[in-house]
Ligand SMILES: Cc1cc2nc3c(=O)[nH]c(=O)nc-3n(C[C@H](O)[C@H](O)[C@H](O)COP(=O)(O)OP(=O)(O)OC[C@H]3O[C@@H](n4cnc5c(N)ncnc54)[C@H](O)[C@@H]3O)c2cc1C
Ligand code: SF4
Ligand code: SF4
């Protein structure tokens with residue numbers, strides 16, 4: 001989005017459509033170009049754990065399911081290569097594509113910018129990026145996934161071995177009134193951790209899973225029962241304690257965590273992998289978007305909403321859905337989106353039917369006596 005003008009009922013929005021350098025009408029998604037492209041880059045969709053090519057499909061459920069070329073391409077950088085153009089049988093590669101400005105006229109706007117996961121590199125004590133087998137919960141989501149870097153096998157990066165003893169550290173970047181932390185609870189991490197523990201046990205029933213938490217907050221209908229389900233699994237422990245990610249074994253790359261025990265003692269315990277349950281931060285572009293749309297942000301830089309109608313922003317005609325309004329899970333994002341759409345309908349009700357135009361059909365004629373003709377109309 002590059003610009004917005006106007007008011008409720010009549011906004012003019014200018015969008016910038018980045019070029020994908022692939023002709024959508026010609027690409028069949030066969031991925032021959034991907035096969036031949038010589039440039040390998042850390043795959044952003046897989047949290048940069050596995051590699052992808054400079055021409056690739058973003059992820060396996062992408063719509064449309066076709067490739068795009070990113071800024072790592074040799075031709076875009078140095079005017080070299082063009083192998084993809086030579087191997088594509090459908091002539092779908094188009095390096096002449098330019099960014100396209102699209103202007104649209106709309107009556108209402110819903111902002112759904114989502115969130116940015118907390119970056120644990122901001123605080124040294126998490127050892128993310130320093131200890132090889134410390135990963136974030138976002139990394140672990142991809143590791144668990146069948147379309148992930150290890151095709152659904154749980155492996156750790158130091159030796160690609162399957163870890164049997166895993167620790168989760170809760171409230172990473174959340175509930176902390178200190179520099180580099182957020183004071184609010186991110187609401188989803190306790191529950192997604194329980195999901196990750198249950199899935200880990202599905203992969204490997206012998207796995208030992210230990211969750212270090214501040215207290216478990218299972219927001220949402222019936223999520224406390226989800227916790228109760230995870231809690232009773234064999235070899236699963238929930239320990240209420242702040243932890244210190246102490247050291248990495250130089251030979252095994254296992255990680256020692258120091259924590260306090262309920263009887264007031266201190267214990268050191270070794271794990272093969274540590275997952276940091278990162279919280280939800282406001283999206284990166286929040287301030288810029290707020291300025292362009294003339295909406296207010298709250299003290300945490302999420303969208304400021306009306307307490308009684310939490311899909312309403314401070315500007316008439318602009319609504320919000322999903323995690324841009326604050327940390328929420330997928331079901332809440334989905335029904336919030338329905339709420340925002342309903343508010344748009346309510347606002348624009350007076351315009352209903354105004355854009356409808358009368359369909360004009362060719363005049364019918366008498367075809368009796370003419371040779372029969374058969375039309376076949378294929379939808380595409
Ligand atoms: C590790 C982890 C695991 C989770 N697991 C679960 C789970 O199991 N179940 C569950 O219910 N919830 C889970 N959640 C929470 C879930 O991710 C969020 O509830 C959900 O993603 C919110 O959806 P959204 O559409 O609001 O935001 P997002 O999913 O963040 O989507 C926002 C989209 O907007 C795009 N965008 C942002 N700015 C712009 C812009 N200016 N122009 C164009 N596009 C833009 C972004 O690129 C992004 O694609 C998990 C969260 C984490 C961190
Ligand atoms: S031109 Fe770019 S995208 Fe095409 S094969 Fe070469 S590096 Fe890959
Ligand atoms: S949901 Fe759980 S892990 Fe996340 S911030 Fe709140 S208490 Fe901490």
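Extending 7 Å from Cα along the Cβ direction at residue 244 and again at residue 350 yields two label points whose distance is 6.6 nm.
Which residue fluctuates the most in the chain, going by a Gaussian network model with Cα springs under 10 Å, if the choices are 300, 203, 90? Looking only at 300, 203, 90, the biggest GNM fluctuation is shown by 90. Highest mean packing comes first when the peptides 206-217, 363-374 are listed by Cβ atoms within 10 Å, giving 206-217, 363-374. Counted over segment 116-281, the DSSP beta bridges are approximately 40% antiparallel. I need the shape label for segment 116-281. Rule: rounded when a/c is under 1.5, else prolate if a/b > b/c, else oblate, with a, b, c from the alpha carbon gyration tensor. It comes out rounded by the Cα gyration axes.
The residue 95 and residue 24 beta-carbon pair, evaluated with R₀ = 25 Å, returns a calculated FRET efficiency of approximately 0.95. Please label the shape of segment 19-98 as rounded, prolate or oblate, based on the square roots a ≥ b ≥ c of the eigenvalues of the alpha-carbon gyration tensor (a/c under 1.5 means rounded; beyond that, a/b larger than b/c means prolate, else oblate). It comes out oblate by the Cα gyration axes.
Counting only Cα atoms, the size of the chain along its three principal axes is 96, 56, 46 Å, in decreasing order.
For the peptides 241-248, 3-10, residues were scored by their other Cβ atoms within 10 Å and the scores averaged per peptide; the highest-first order is 241-248, 3-10. In percent, rounded to a whole number, the relative contact order of segment 69-146 is 10, using alpha-carbon pairs under 8 Å and six or more apart. Between 28, 200, 67, the Gaussian network model of the chain with springs among Cα atoms under 10 angstrom shows the greatest mean-square fluctuation at 28.
Residue ranges 137-147, 261-271, 32-42 sort as 137-147, 32-42, 261-271 when ordered by packing (mean number of other C-beta atoms within 10 Å per residue, highest first).
Bridge orientation summary for segment 184-322: considering DSSP beta bridges with both residues in this region, about 70 percent are antiparallel. Does segment 295-340 come out rounded, prolate or oblate by the C-alpha gyration tensor, with a ≥ b ≥ c the root eigenvalues, rounded set by a/c under 1.5 and, if not, prolate when a/b is larger than b/c and oblate if not? Oblate. Structure remark: mean-square fluctuation, Gaussian network model of the chain, C-alpha springs under 10 Å; the largest value among 326, 279, 339 belongs to 339. Taking every DSSP bridge with both residues inside the chain, close to 60 percent are antiparallel.
Read-outs throughout are calculated quantities, based only on the coordinates presented, and are distinct from any laboratory measurement. All of these numbers come straight from a predicted model, not from anything done at the bench. With ideal geometry, Cβ positions are generated from the backbone for all residues, glycine too; neighbour counts draw on all protein chains shown.
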